[in-house]
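The values are calculated or read from the model by the stated rules, or taken from the named source; none is laboratory data. In this text the structure is predicted, and so the values were computed from the model without any measurement. Cβ atoms come from the backbone with ideal geometry, glycine included; neighbour counts cover every protein chain shown.
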Amino acid sequence: MNNLPTPQQIEQSAADKGMTMREVCSLSGMARSTFQRWKAGKTSPTVATVNRMMDAIYSTRAKRKEVA
């Protein structure tokens, strides 16, 4: 059973936080092209990669808003 968020859910979470996928990919160390291949169903990320993406969305953006 796969409980990882889908690429669409990650994109929506990023959008909700005012982030682009370019920012999320950069902060998580994932190439944008790799994300696009995942979204197209051609590859699957590791759990660690998805965790880094979610950390980029929920940790980094929250810290930026606190500083601003």
Original post:
Under the condition of being in a helix (DSSP H, G or I) and exposed (fewer than 14 other Cβ atoms within 10 Å of the Cβ), which residue from the stretch 32-42 is farthest from the chain's Cα centre (by Cα)?
Top reply: 33
Original post:
Residue check: is residue 64 of a type in the set (Lys, Arg), modelled with pLDDT under 95 and assigned to a helix (DSSP H, G or I)?
Top reply: yes
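Okay, residues lined up against (1) buried (at least 16 other Cβ atoms within 10 Å of the Cβ); (2) among the small types (Gly, Ala, Ser); (3) assigned to a loop (DSSP other than H, G, I, E, B):
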residue	(1), (2), (3)
12	no, no, no
25	yes, no, no
30	yes, no, yes
48	no, yes, no
51	no, no, no
56	yes, yes, no
